[in-house]
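Heads up, the thing below is written out as structure tokens.
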Amino acid sequence: MTTIAFIGLGHMGGPMAENLVRRGFPVTGFDLDPASLERAASAGVRIADSAADAASDAEIVITMLPAGQHVLAAYRGDGAAPGLLAAARPNTLFIDCSTISVAEEQLAAREAIAAGHRALDAPVSGGVLGAENAGLAFMVGGAAEDYAEALPVLEAMGARIVHCGAHGLGQAAKICNNLVLGISQIAVGEAFVLGEQLGLSHQALYDVMSNSSGQCWALSTNCPVPGPVPTSPANRDYAPGFAGALMAKDLGLAQDAIEQTGVDARLGLLARDMFRAFADGPGAGRDFSGIITTIREASGAAPLGAPEDTADTPRRRATTERTPL
Ligand code: NAD
């Protein structure tokens, strides 16, 4: 079996490494956080003394780190410790699963190739749940033959894997997808707050939109009001899910790409500002669908469940009964 080094055993990397072990891959891991190391060790990951040590004996090195600066620093090392690129055997396949900018990913790939290795970017969507149940979607950038070699490894951690093209295009696909997601979650939030003020019940609006052209994931899976979709984060006070801070981060990466390309993506930039404010305020640790609370407040509307709800306002006329179409 292919030997794998796994660097970054956090919320995502931990369960991903665990799924590789379950599928029989020998995995050596490293993380700066002792608690993450302990959890990974109890799942069967062999723990190395350093990232370089883990990489020195691997055919594939996977990184799952917070941001681009961490990936580049881990690749390069510092004066005191060798980096992954220097420690790995020649022609090692580096797979970066972190979400980072297209430019940083292309730089990381260039440096890996210059050091005599091969590189793929393979960012994911599907969140911690997807990481735990091997249901992640992978968006992959890099050479076709490297993609083919990585496929059995990615299949052990994911359910949908798409080769998007050259280095960096996996990150490009991820950024474009999350641009749509961020904008649509705001749009659905605005529609529900507007509906509330006009006297529409959440259920009625859900029943209409989920069967109409307003249908989208932000509504039908991540519905931002409690009730219509019982599994959505709104039903558990917006416990994530996908945290507002992560959406703000991804839209910041989209902003970098928008500015770099000069695309006229005004909605994307506005969504980025709104999620940045949400993440800096109440939303850092809450699901990003909780942005509806910010929209409600900015509209001067009472929070859900506030005493005003019992007054004779349009919202009082709201009902939770199903409305036939
Ligand atoms: P996390 O903070 O839980 O995990 C990152 C881990 O990297 C931490 O345990 C940290 O100690 C470790 N780390 C940092 N620098 C290191 C280094 N030099 N060497 C070894 N370990 C190091 O973050 P996460 O939620 O697992 O996310 C990881 C990546 O996946 C991010 O880029 C994120 O944007 C992306 N992502 C996250 C989600 C999600 O729902 N959490 C979904 C899709 C993509």
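For region 1-154, what does the alpha-carbon gyration tensor say about shape, rounded, prolate or oblate, given a ≥ b ≥ c as the root eigenvalues, a/c under 1.5 as rounded, and a/b over b/c as prolate?
Working: a/c = 1.37, a/b = 1.14, b/c = 1.20.
In terms of gyration-tensor shape, rounded.
Report, by chain and number, residues whose modeled amide H sits under 5 Å from the one on Phe94, excluding near sequence neighbours (fewer than 5 apart, same chain).
Close amide H contacts, sequence-distant or interchain: Val61, Arg118, Ala119, Leu120.
Could you pull out the GluC sites (Glu not before Pro) across region 89-124 that fall in loop regions by DSSP (anything but H, G, I, E, B) with no more than 15 other Cβ atoms inside 10 Å? Present the calculation step by step, with values, prior to reporting the outcome.
Details: sites: Glu104, Glu105, Glu111; in loops: none.
Of the GluC sites (Glu not before Pro), not one in the loops of region 89-124 has a Cβ with at most 15 other Cβ atoms within 10 Å.
Between Gly29 and residues 5 or more places away or on another chain, which pairs have amide H atoms under 5 Å apart, with H built 1.01 Å from N, and which residues are they?
Phe6, Arg46, Ile47, Ala48
Convert each backbone phi in region 296-303 into a coupling constant with the Karplus relation 6.51 cos²θ - 1.76 cosθ + 1.60 (shift: θ = phi - 60°), then list the ³J(HN,Hα) values in order as whole Hz, x for Gly and Pro.
4, 5, 5, 8, x, 8, 6, x
Sort the chain into rounded, prolate or oblate with this rule: let a ≥ b ≥ c be the square roots of the eigenvalues of the Cα gyration tensor; rounded if a/c is under 1.5, and if a/c is not under 1.5, prolate when a/b is larger than b/c, oblate otherwise.
The shape class here is prolate.
With the contact rule set at Cα under 8 Å and sequence spacing of 6 or more, what percent relative contact order holds for region 173-299?
32
Using unit Cβ charges (K, R positive; D, E negative) and no other charged atoms, how large, in debye to the nearest 20, is the dipole of the chain about its Cα centre?
500
For region 209-267, rounded, prolate or oblate, judged on the Cα gyration tensor with a ≥ b ≥ c (square roots of eigenvalues), a/c < 1.5 rounded, else prolate if a/b > b/c? Could the numbers behind the result be given before it?
Details: a/c = 4.55, a/b = 1.69, b/c = 2.70.
Taking the square roots of the gyration eigenvalues as a ≥ b ≥ c, region 209-267 is oblate.
Go ahead and collect, in residue order, the members of region 166-190 whose backbone nitrogen is under 19 Å from a label point 7 Å along the Cα-Cβ direction of Glu259.
The answer is 172, 175-176, 179.
Do you know the relative contact order of the chain, to the nearest whole percent, from alpha carbon pairs under 8 angstrom that are 6+ apart?
13
R0 = 35 Å: FRET efficiency of Thr3 with Ala103, Cβ-based, nearest 0.05?
0.70
Measure off 7 Å from each Cα along the Cα-to-Cβ vector at Leu267 and Arg89, then give the distance between these two points in nanometres to one decimal.
5.0
Since every read-out is calculated from the coordinates, none of them should be taken as a lab result. All values reported here derive from a predicted model rather than from experimental measurement. Glycine gets a Cβ as well: all are built from the backbone with ideal geometry, and neighbour counts include every protein chain shown.
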